[in-house]
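Visitor: Sending over a structure as structure tokens; questions will come in a sec.
Every number in this text was worked out from the coordinates using simple rules, so none of it is lab data. A quick note: this is a predicted structure, and the numbers were derived from the prediction, not measured. A quick note on method: Cβ atoms are made from the backbone with ideal geometry, for glycine too, and the neighbour counts reach across all protein chains shown.
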Amino acid sequence: MAAMNRTFTAVLIASTAALALFFLLLIGSTALELGRGGFVSPPDLSRIAFAVRLSLLTATAAAAAALVCSIPVAYLLARREFRGKNLLDTLLDLPLVLSPIALGAMLLVFFKTPAGALLERMIGPVVFEVRGIIVAQFCVVIGLAIRLLKTSFESVDPQYEEVSRTLGMDRARTFFRVTLPLARRGIVAAFLLVWARAIGEFGATMTLAGATTLKTETIPVSIYLNFATADIASALVFILLLIAVSLSLLFALRKIGGWRYV
Amino acid sequence: MSEPWLRVENLDFRIGSFHLRRVNLACARGEYHVLLGPTGSGKSTLIKCLLGLQRPQAGRILLAEENIGPSPPERRGLGYLPQHHALFPHLDVAANIRFGLRGKTEAGETLLRRLVDMLKLEPLLRRGVRDLSGGERQKVALARALAARPRVILLDEPFSSIDPGERRLLWFETRRAITELGITALHITHDLDEAHLLGERLTVMITGAVAQSGTRAEIFTRPASAAVARFLGYRNIFSGKSTPGRGGSVLETGGLRLVLNEWRPAGAQTSVCVRPQDIKVIREDTPVQENLRENVFSGTIAALYPLPELCLLHFRLEHSPEPFDLELRFPVYIRERLGLRDGQKIRVGIWKPGIVLFPDPEPGA
């Protein structure tokens, strides 16, 4: 029996170690490759700065918009039972399962329709513009935002809301004074995860906003453009940048205790 | 009972296979009313219907003659102390208590100070709620509910998560705070001691319906049905056909021949209950009291169960095939005084005025 236990533990540890080693090798080989040089042209710092700035800006805007839009939806799904809830739930899951490039193509088609044109009149030009990056990232991450926030709201015991109502607070005040503060860790964690997903988004962005150097060039678009021109070393700089940003975020996520949502 | 302050009329609520059936209940203004019943009898569901957290399918809820049924929970004027207290974990004790106060009014601040003094909460005010003891949490939740000045406070098993030693003290403190403020209370529990101690009037609920309503004495001395008697822990429940006797109708059941304190038609199906404290062990050296004389039985002590505050005795009639036929309950010192021991031959007498005749015999009895 003891030997069985030891073997079982050994299998667990070996599997974990093998997977961790694989990812470390991936990062290591990228760094080594970069160390060998081989830049087609010297790294253009202003282009790197542009891509980083644009990525941070668009990902923050998309994540914030996704969070604001998904909070009421997630709360509704977490707390109410209604006819067609399953159908709505499935529809909102679509961005999670749909390939980003397909989503980007659908957005491109949508902005050619009268409804899309109306939306463009309201928020400004989208197709092949920076706004297009935000819209594309928003559409890719909104499903994830709803899922994560729904879990956060579900983890708040409804009894707190019931007590708040009996203490004279209506639904809205109960939501802002009780539910939202109690779900705050989950909401922050959701924002970080959604942000991380947005910053790495490529397929939908590329299709809707295009890949124009120093215009719609986010970090992933930059990686693509550098690979397209066979400037592997420059592409690797962007890859390592993306890794650094992602790992810092995931680390921050664990620090704030939102790890259980990951 | 004076004019009801809170009245529930024919309330009907069905959820899944559970059904609250035509519940009627009335609490007078300032009364401490206990809603008593076994787990799963629908007490908490009824409270949720009263609070507006569940929508009953039929019936009315009247508070001071106003139908509050259509009002949302925040407009009903009903305070709520839930079973696990539900203190807001993101607020400290003071913020929890102030939660239901609208702004800083003189009346609100005075009430707050009074509650803090009454419940001795001053040392806790700046503390977080996570590290409070069960009793402290209960008092903070009570202060929070009372600070909102409810017209009725509904307490849902508020002591169930508190250690027994601390519980008894909290019973007194809770009731004192509520009655001093003149607030009507509807307190639900399945604990018989708690119900007996706190309730001026009680309502017993069994399987989704009100089984009996009345004063403490009425409920505990005259249970209205076998189901209520069983819930109160009375095990001496007998059924059979009554026959005419000299001092009252006679009920013959098993080896017992009980002379009742009422007349029933000959051959009528009859159910009775005898409380364990209404059966006395008869000392051989003293004359049998008049009220016991007609129902004296000989047998042996099947078992003795000494509990901290009382002693239970299981009595078996001579030649009875049952493990025991009667259960007796008496103060612990009686056991010592009479030198009672397992297997001993004794005589017991049933106090005739204490025999409870149920108006409706149990189905199939």
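Visitor: Take the Cβ-Cβ distance between residue A:68 and residue A:27 as r, set R0 to 51 Å, and report the resulting FRET efficiency rounded to the nearest 0.05.
Guide: Details: r = 34 Å, r/R0 = 0.67.
With R0 = 51 Å, the Cβ-Cβ based efficiency is 0.90.
Visitor: Expressed as a whole number of Å, what is the distance separating the alpha-carbon centroids of segment B:121-159 and segment A:113-163?
Guide: 40
Visitor: Okay, next question. In whole Å, how far is the Cα centre of segment B:208-263 from that of segment B:1-28?
Guide: So the separation of the two Cα centres works out to 26 Å.
Visitor: Another question, then. Could you check the spin-label model distance between residue A:214 and residue A:99? Points 7 Å from the Cα along Cα→Cβ, value in nm.
Guide: 3.4
Visitor: Quick one: go through segment B:95-136 and flag any residue whose amide nitrogen is under 18 Å from the point 7 Å out along the Cα-to-Cβ line of residue A:185.
Guide: The answer is B:128-132.
Visitor: Need one word for segment B:236-357: rounded, prolate or oblate. Basis is the Cα gyration tensor (sqrt eigenvalues a ≥ b ≥ c); a/c below 1.5 gives rounded, then a/b vs b/c decides. The partial results should precede the final answer.
Guide: Details: a/c = 1.99, a/b = 1.75, b/c = 1.14.
Prolate, since a/c reaches 1.5 and a/b exceeds b/c.
Visitor: Name all residues of segment B:298-316 having a backbone nitrogen under 19 Å from the label point set 7 Å from the Cα of residue B:196 along its Cα→Cβ direction, giving them as ranges.
Guide: Under 19 Å, as judged by backbone N against the label point of residue B:196, lie B:305-314 of segment B:298-316.
Visitor: By the scheme Lys and Arg +1, Asp and Glu -1, what is the net charge of all other residues having a beta-carbon under 15 Å from that of residue A:120?
Guide: On the way: positive: A:112, A:121, A:131; negative: A:129.
Charge balance near residue A:120 sits at +2.
Visitor: Could you tell me the calculated FRET efficiency between residue B:22 and residue A:248, based on Cβ-Cβ distance and R0 = 60 angstrom, to the nearest 0.05? Working shown, then result.
Guide: Numbers: r = 63 Å, r/R0 = 1.06.
For R0 = 60 Å, the calculated efficiency reads 0.40.
Visitor: Applying 1/(1 + (r/R0)^6) with R0 = 45 Å to the Cβ-Cβ distance of residue A:255 and residue A:121, what FRET efficiency is obtained, to the nearest 0.05?
Guide: About 0.55, to the nearest 0.05.
Visitor: Tell me whether chain A comes out rounded, prolate or oblate; compute the Cα gyration tensor, take square roots of the eigenvalues as a ≥ b ≥ c, and use a/c under 1.5 as the rounded threshold. Walk me through the numbers before you get to the answer.
Guide: On the way: a/c = 2.19, a/b = 1.19, b/c = 1.83.
Oblate.
Visitor: Just tell me which lysines come within less than 22 Å, Cα to Cα, of residue A:85; anything on the same chain fewer than 8 places away is out.
Guide: List returned: A:150.
Visitor: Same structure, new question: Using 7 Å Cα-to-Cβ label points, what is the residue B:172/residue B:110 separation (nm, one decimal)?
Guide: With each label point 7 Å from Cα toward Cβ, the separation is 2.9 nm.
Visitor: What distance in nm lies between label points placed 7 Å from Cα along the C-beta direction at residue B:163 and residue B:246?
Guide: 5.9
Visitor: Sketch the reach of a paramagnetic label on residue B:39 as a point 7 Å from Cα along Cα-to-Cβ, and name the residues of segment B:191-234 whose backbone nitrogen lies under 13 Å away.
Guide: Those under the cut-off are B:191.
Visitor: How would B:85, B:187, B:196 line up from fewest to most surrounding beta-carbon atoms within 10 angstrom?
Guide: Details: B:85 24, B:187 27, B:196 16.
Listing B:85, B:187, B:196 from fewest to most nearby Cβ atoms yields B:196, B:85, B:187.
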